[in-house]
Amino acid sequence: MRAASIFFPTPFDIFTRSAELWLSGPPSRLFLTDTVFRDILPSMLRLLSGWCAAVLVGVPLGILIGRSRYSSDILDPPLQFLRAIPGPALIPVFIILLGTESTMRIVLIAFGSLWPILLNTIEGIRTVDPVQLDTARVFGLPRPARLWRIILPAAMPKIFAGMRVSLALAVILMVVSELVASTSGIGYRIQNAQIMFLLTDMWCGIVLLALLGYTLNWLFLKLEDRALNWHRGARGRATR
Amino acid sequence: MLVVQGLHHAYAPAQVAIRDLSFEVSAGEIVSIVGPSGCGKTTLLKALAGLLAPTGGMIRFQGQVVRGVPEGLAMVFQEYSRSLLPWTTVSANVELPLRYQPVDSIERTNRVSESLQAVGLSGFGDRYPWQLSGGMQQRVAIARALAYHPKLLLMDEPFASVDAQTRADLEDLAAAVRDQFDITIVLVTHDIDEAVYLSDRVVVLSGAPSIVLAQIPVDLPRPRDQIATKACEQFVAKRSEVARLIRRPPAPKVANAPI
């Protein structure tokens, strides 16, 4: 039975419409259409900027909190409180403070994806093997070397786990941010298509998001694989 | 070279690990520290390494009072798999401490290959520690210590986590590198055979809070042999002497205890 539902277009319909929407541009622009440059690329740029900002803030802050009892005592309560705020609830605040341009969306993405990175970094730093730290001290490694050569590499598997969880969160927050007060982006296109009852276009956007999330995760796993090759090897050996 | 005077350590007022230890180690000696489990052997070794500030007494290494990790000291830990860094290769592990010493890169490379050769791991520099067996990993840890050119090598139950054959090999290796690299070794062990077989002197500790029960010189001829030495009468006598001290420790005199 193949009911021609207008609510659920067939995958073939979605596929052909996607090609039409995004890949029917002039050859001089690699066949990419205007909307790719107006919506998809800005979305991805916001996503990656927000996520990178979260990494750049979360990892150093996590190291600080993980290493120092003092900063942990001071920073932990406010951070636990901030962490409890659902990111999207801050959209109205961010709109007032930062306007409706990309900055607001990037900040929202960064805020939401900060927490898994921060908490995993703290956890990773705190659980470095004391034997490794003793070894470093006995062999006279100066403090900065202990951080770069021992503590950070040891915490890397947990930091990467946090970064990967955050990447998925960043995709969600990107879409949510684009559903509100926006004029461009994948989220905006999906919502716009729904309002104009272009349901195939709406589904195209959703499928694109799925592909985007899948690809980002895959790319990140590849990166993780390269960076933490030793970890897989060491763990595989231990559990064999 | 190493002087321990009236060493006392309490983790908490009611938890005294070391009551009162005094002994000396001369340059070039191999000294074993044995005692019943939980007698503060590891605490003592950490204090010697400067990793732990004892609550009383004094440790001097090469004439200097130990406050913090002294120079010229290396350590081999029992947990080789946790002490080696799994994210770098064997040679990088051995080389790492040298990067922060006044040693140029040519000398570094030389020392790495020299010490890997001394422990019989010449061809394994590019492997990762976790690709090697337990015994080989402990050899890497020993090589790392040797490349550091320490005056004093501390070993914390270094052969406790490997199989019996490997253990015998590593014991002979320790004796061999002492001669080759001209170092002093202080070794903590719970194995009486090992202590007597390896050492020039065995320091026997009582149960916690520990004191020195006896210091037993072992003047068995060197080089020693796993089978011949362990079969000779003198070895067996020393072995029994140490064993008797550990099995039935005379109650430490409470009257002398510091409060």
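Points to keep in mind about this one:
- Restricting the trypsin sites (Lys or Arg not before Pro) of the range A:1-39 to loop positions (DSSP other than H, G, I, E, B) with no more than 10 neighbouring Cβ atoms within 10 Å leaves A:R2.
- For chain A, the average shadow cast by the Cα convex hull is 18.9 nm², which is a quarter of the hull's surface.
- Length added when fully stretched, A:R83-A:F7, from 0.36 nm per residue minus Cα-Cα: 23.6 nm
- Estimated FRET transfer efficiency when R0 is 45 angstrom, pair A:L133-A:F31 (beta carbons, to 0.05): 0.20
- The relative contact order of chain B, computed from alpha carbon pairs under 8 Å that lie at least 6 residues apart in sequence, is 26 percent.
- Under DSSP loop assignment and at most 16 Cβ neighbours within 10 Å, longest trypsin sites (Lys or Arg not before Pro)-free interval of chain B: B:128-252
- Rounded to 10°, Cα long-axis angle of helix B:134-147 versus longest principal axis of chain B: 90
- Only Lys, Arg, Asp and Glu carry charge here, each on its Cβ (+1 for the first two, -1 for the last two); on that basis the range A:1-136 has a dipole of about 220 debye about its Cα centre.
- Extension gain for the segment B:A164 to B:T55, taken as residue separation times 0.36 nm less the Cα-Cα distance, is 35.5 nm to one decimal.
- Projected label distance in nm at B:A14 and B:R99, using a 7 Å step from Cα toward the beta-carbon: 4.7
- Projected over all directions and averaged, the alpha-carbon convex hull of the range B:1-127 occupies 9.7 nm².
- Nearest 10 degrees, 0 to 90: helix A:186-195 Cα axis against chain A principal axis: 30
- Cα-based radius of gyration for the protein assembly as shown, normalised by 2.2 N^0.38 Å, reads 1.36.
- Spacing of the modelled spin labels on A:R69 and A:R126, each 7 Å from Cα toward Cβ, amounts to 1.4 nm.
- Computed magnitude of the charge dipole of chain B (debye, nearest 20; Cβ of K, R +1, Cβ of D, E -1): 700
- Linear extension gain, B:S26 paired with B:Q234, 0.36 nm per residue minus alpha-carbon span: 72.6 nm
- Under 26 Å of direct C-alpha separation, and excluding same-chain neighbours fewer than eight residues apart, B:K151 reaches these lysines: B:K41, B:K46.
- Here the dipole of the range A:35-228 is about 520 debye; that uses its Cα centre as origin and unit charges on the Cβ of Lys and Arg (positive) and Asp and Glu (negative).
- If you run the Gaussian network model on chain A, springs between alpha carbon atoms under 10 Å, then out of A:T100, A:T127, A:T200 the most flexible one is A:T127.
- Gaussian network model of chain A, springs between alpha carbon atoms under 10 Å - residue of A:G66, A:G58, A:G99 with greatest fluctuation: A:G99
- Candidates A:I106, A:I74, A:I151, ranked by Gaussian network fluctuation over chain A, Cα under 10 Å, top entry: A:I74
- Evaluated at q = 0.10, 0.15 Å⁻¹, a Debye calculation over the C-alpha positions of chain B (equal weights, vacuum) places log10 I(q)/I(0) at -0.50, -1.09.
- Dipole of the range A:35-228, positive end: most advanced residue of A:L152, A:I186, A:A54 [Cβ charges, Cα centre]: A:L152
- Counting only alpha carbon atoms, the long axis of helix B:105-118 and the longest principal axis of chain B meet at about 60°.
Where a number appears in this text, it was derived from the coordinates with a stated rule and is not lab data. The shown structure was predicted, so the numbers you read here are calculated from the model rather than taken from an experiment. We place every Cβ from the backbone using ideal geometry, glycine too, and count neighbours over all the protein chains shown.
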